[in-house]
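The values are calculated or read from the model by the stated rules, or taken from the named source; none is laboratory data. As the structure is a prediction and not an experimental result, all values here were calculated from the model. So basically every Cβ, Gly included, is an ideal-geometry build from the backbone, and we count neighbours across all protein chains shown.
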Amino acid sequence: MDSIEVAGGREFLARLEHGKDWRAQIETFAEREGVDSAVFFGLGAAQDARIMFYDQDEKEYEPVEFDEPLEVASLVGNISWLDGERFAHTHATFSRPDGSTAAGHLDRATVFAGELYVRTFETTLERTHDEVTELDLWPLS
Ligand code: ZN
(Lines give C-alpha, C1' and ligand atoms only; values in the text may rest on other atoms or scores of the structure.)
Protein backbone atom coordinates (compact mmCIF):
# COMPACT_ATOMS: atom_id res chain seq x y z
CA MET A 1 0.00 0.00 0.00
CA ASP A 2 1.40 3.38 -1.01
CA SER A 3 0.58 6.49 1.00
CA ILE A 4 1.50 10.11 1.52
CA GLU A 5 0.92 12.36 4.49
CA VAL A 6 -1.37 15.31 3.77
CA ALA A 7 -2.00 18.51 5.65
CA GLY A 8 -5.59 19.48 6.16
CA GLY A 9 -6.74 22.57 4.37
CA ARG A 10 -10.23 23.97 4.42
CA GLU A 11 -13.65 22.59 5.34
CA PHE A 12 -16.91 23.35 3.56
CA LEU A 13 -20.57 22.61 3.99
CA ALA A 14 -22.64 22.83 0.83
CA ARG A 15 -26.19 22.40 -0.35
CA LEU A 16 -26.61 21.04 -3.83
CA GLU A 17 -28.97 22.69 -6.28
CA HIS A 18 -32.27 21.00 -7.18
CA GLY A 19 -32.41 19.69 -10.74
CA LYS A 20 -28.66 19.86 -11.37
CA ASP A 21 -26.14 17.03 -11.61
CA TRP A 22 -24.51 15.82 -8.39
CA ARG A 23 -20.99 15.23 -9.64
CA ALA A 24 -20.87 18.25 -11.96
CA GLN A 25 -21.82 20.52 -9.06
CA ILE A 26 -19.00 19.11 -6.93
CA GLU A 27 -16.52 19.60 -9.78
CA THR A 28 -17.73 23.17 -10.40
CA PHE A 29 -17.33 23.88 -6.68
CA ALA A 30 -13.79 22.41 -6.73
CA GLU A 31 -12.88 24.58 -9.71
CA ARG A 32 -14.29 27.72 -8.09
CA GLU A 33 -12.48 27.11 -4.80
CA GLY A 34 -9.22 25.90 -6.37
CA VAL A 35 -9.38 22.48 -4.71
CA ASP A 36 -6.50 20.20 -5.79
CA SER A 37 -7.33 17.32 -3.45
CA ALA A 38 -10.17 16.64 -1.03
CA VAL A 39 -12.51 14.08 0.45
CA PHE A 40 -16.25 14.55 0.78
CA PHE A 41 -19.38 12.87 1.95
CA GLY A 42 -23.01 13.68 1.48
CA LEU A 43 -26.63 12.60 1.53
CA GLY A 44 -29.98 13.62 0.14
CA ALA A 45 -32.21 12.45 -2.66
CA ALA A 46 -31.92 12.05 -6.42
CA GLN A 47 -34.47 11.98 -9.22
CA ASP A 48 -32.48 9.47 -11.26
CA ALA A 49 -28.96 8.10 -11.45
CA ARG A 50 -26.40 6.38 -13.62
CA ILE A 51 -23.75 4.27 -11.96
CA MET A 52 -20.83 2.66 -13.76
CA PHE A 53 -19.86 -0.87 -12.86
CA TYR A 54 -16.21 -1.70 -13.61
CA ASP A 55 -15.86 -5.11 -15.22
CA GLN A 56 -12.54 -6.38 -13.85
CA ASP A 57 -12.09 -8.92 -16.66
CA GLU A 58 -13.00 -6.66 -19.58
CA LYS A 59 -11.50 -3.63 -17.81
CA GLU A 60 -14.40 -1.46 -18.93
CA TYR A 61 -17.13 0.49 -17.18
CA GLU A 62 -20.69 -0.68 -17.86
CA PRO A 63 -23.46 1.89 -17.28
CA VAL A 64 -26.48 1.04 -15.13
CA GLU A 65 -29.39 3.50 -15.31
CA PHE A 66 -31.99 4.16 -12.63
CA ASP A 67 -34.94 6.31 -13.73
CA GLU A 68 -36.78 6.58 -10.42
CA PRO A 69 -36.75 8.70 -7.26
CA LEU A 70 -33.97 7.52 -4.98
CA GLU A 71 -32.82 8.37 -1.49
CA VAL A 72 -29.10 9.10 -1.37
CA ALA A 73 -28.50 7.09 1.78
CA SER A 74 -24.76 7.66 1.61
CA LEU A 75 -22.34 9.30 -0.79
CA VAL A 76 -18.57 9.38 -0.45
CA GLY A 77 -15.81 10.53 -2.72
CA ASN A 78 -12.65 12.45 -3.35
CA ILE A 79 -11.41 15.19 -5.63
CA SER A 80 -8.20 15.11 -7.62
CA TRP A 81 -6.98 15.95 -11.10
CA LEU A 82 -7.72 13.73 -14.10
CA ASP A 83 -6.76 14.58 -17.69
CA GLY A 84 -6.26 18.24 -16.83
CA GLU A 85 -9.59 18.69 -15.02
CA ARG A 86 -10.80 18.37 -11.46
CA PHE A 87 -12.55 15.03 -11.07
CA ALA A 88 -14.94 14.09 -8.26
CA HIS A 89 -14.58 10.33 -7.85
CA THR A 90 -17.96 9.57 -6.30
CA HIS A 91 -19.58 6.42 -4.92
CA ALA A 92 -23.18 6.38 -3.75
CA THR A 93 -25.67 4.08 -2.10
CA PHE A 94 -29.24 4.80 -3.18
CA SER A 95 -32.36 3.41 -1.52
CA ARG A 96 -35.94 2.88 -2.66
CA PRO A 97 -39.28 3.06 -0.77
CA ASP A 98 -39.05 -0.66 0.10
CA GLY A 99 -35.57 -0.20 1.53
CA SER A 100 -33.77 -2.01 -1.27
CA THR A 101 -30.57 -0.38 -2.49
CA ALA A 102 -28.59 0.28 -5.60
CA ALA A 103 -25.02 1.39 -5.29
CA GLY A 104 -21.80 2.03 -7.12
CA HIS A 105 -19.45 4.39 -8.90
CA LEU A 106 -21.57 7.42 -9.69
CA ASP A 107 -21.46 8.90 -13.16
CA ARG A 108 -24.46 11.23 -12.94
CA ALA A 109 -27.59 11.82 -10.87
CA THR A 110 -30.16 14.60 -10.89
CA VAL A 111 -30.31 16.23 -7.48
CA PHE A 112 -33.66 16.44 -5.71
CA ALA A 113 -31.94 17.71 -2.57
CA GLY A 114 -28.42 17.23 -1.33
CA GLU A 115 -26.02 18.20 1.42
CA LEU A 116 -22.27 17.85 1.30
CA TYR A 117 -19.25 18.08 3.60
CA VAL A 118 -15.88 18.68 1.93
CA ARG A 119 -12.40 18.67 3.46
CA THR A 120 -9.58 19.85 1.27
CA PHE A 121 -5.86 19.10 1.52
CA GLU A 122 -2.82 21.22 0.69
CA THR A 123 -1.65 18.65 -1.83
CA THR A 124 -2.12 18.42 -5.58
CA LEU A 125 -3.11 14.91 -6.64
CA GLU A 126 -3.26 13.94 -10.28
CA ARG A 127 -4.48 10.53 -11.37
CA THR A 128 -2.27 8.46 -13.64
CA HIS A 129 -3.01 5.35 -15.66
CA ASP A 130 -2.41 2.09 -13.80
CA GLU A 131 -1.42 -0.76 -16.12
CA VAL A 132 -2.57 -3.54 -13.79
CA THR A 133 -6.14 -2.37 -13.33
CA GLU A 134 -6.32 -0.02 -16.35
CA LEU A 135 -7.84 2.54 -14.00
CA ASP A 136 -6.65 6.11 -13.37
CA LEU A 137 -5.30 5.96 -9.82
CA TRP A 138 -3.43 8.19 -7.39
CA PRO A 139 0.36 7.98 -7.78
CA LEU A 140 1.33 8.01 -4.10
CA SER A 141 4.74 6.40 -4.11
ZN1 ZN B 1 -15.16 4.40 -8.43
Pick from the range 75-88, criterion in contact with a strand residue (DSSP E or B) (Cβ under 7 Å, 6 or more places away or on another chain) and closer than 15 Å to residue 129 by Cβ, ranking: farthest from the ligand (Cβ to nearest atom): 81
Scan of the range 15-31 for residues that are of a type in the set (A, V, I, L, M) and in contact with a Phe, Trp or Tyr (Cβ under 9 Å, 6 or more places away or on another chain), ordered by number: 16, 26, 30
Qualifying residue in the range 52-59 (condition: within 16 Å of the ligand (Cβ to nearest atom) and either among the aromatic types (Phe, Trp, Tyr) or buried (at least 16 other Cβ atoms within 10 Å of the Cβ) (or both)): yes
Residue list for the range 23-50, restricted to those being surrounded by 23 or more Cβ atoms within 10 Å (Cβ to Cβ), in a helix (DSSP H, G or I) and out of contact with any Lys or Arg (no Cβ under 7 Å at 6 or more places or on another chain): 26
Enumeration of residues in the range 70-117 that are over 12 Å from residue 27 (Cβ atoms) and among the basic types (Lys, Arg): 96
Residue identified as away from the ligand (no atom under 16 Å from the Cβ) and surrounded by fewer than 17 Cβ atoms within 10 Å (Cβ to Cβ) among 62, 68: 68
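Counting only residues that are more than 16 Å from the ligand (Cβ to nearest atom) and without any contact (Cβ under 8 Å) to a residue 60 or more places away in the chain, which one in the range 96-118 is nearest to the chain's Cα centre (by Cα)?
Just the residues of the range 96-118 that are more than 16 Å from the ligand (Cβ to nearest atom), to begin with: 96-101, 110-118.
Remaining after also requiring without any contact (Cβ under 8 Å) to a residue 60 or more places away in the chain: 96-101.
On the way: 96: 20, 97: 24, 98: 25, 99: 23, 100: 21, 101: 18 Å.
Of everything passing the filter in the range 96-118, 101 is nearest to the chain's Cα centre (by Cα).
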Residue match in the range 71-87 (condition: among the charged types (D, E, K, R) and crowded, with 16+ Cβ neighbours inside 10 Å): yes
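So which of 93, 133 is loosely packed, with under 15 Cβ neighbours inside 10 Å and within 16 Å of the ligand (Cβ to nearest atom)? Explain how you work it out, then say what you get.
On the way: 93 fails: loosely packed, with under 15 Cβ neighbours inside 10 Å.
Only one candidate passes the filter, namely 133.
Test residue 140 against the criterion of being touching a residue at least 24 places away in the same chain (Cβ under 8 Å), more than 17 Å from the chain's Cα centre (by Cα) and at negative phi, and give yes or no. Before you say what the answer is, go through the steps one by one.
Numbers: touching a residue at least 24 places away in the same chain (Cβ under 8 Å): yes; more than 17 Å from the chain's Cα centre (by Cα): yes; at negative phi: yes.
Here the answer is yes, as residue 140 does meet what is asked.
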The lone exception for residue 139 - which of (1) at pLDDT 95 or above; (2) under 26 Å from residue 6 (Cα atoms); (3) not hydroxyl-bearing (Ser, Thr, Tyr) it fails: (1)
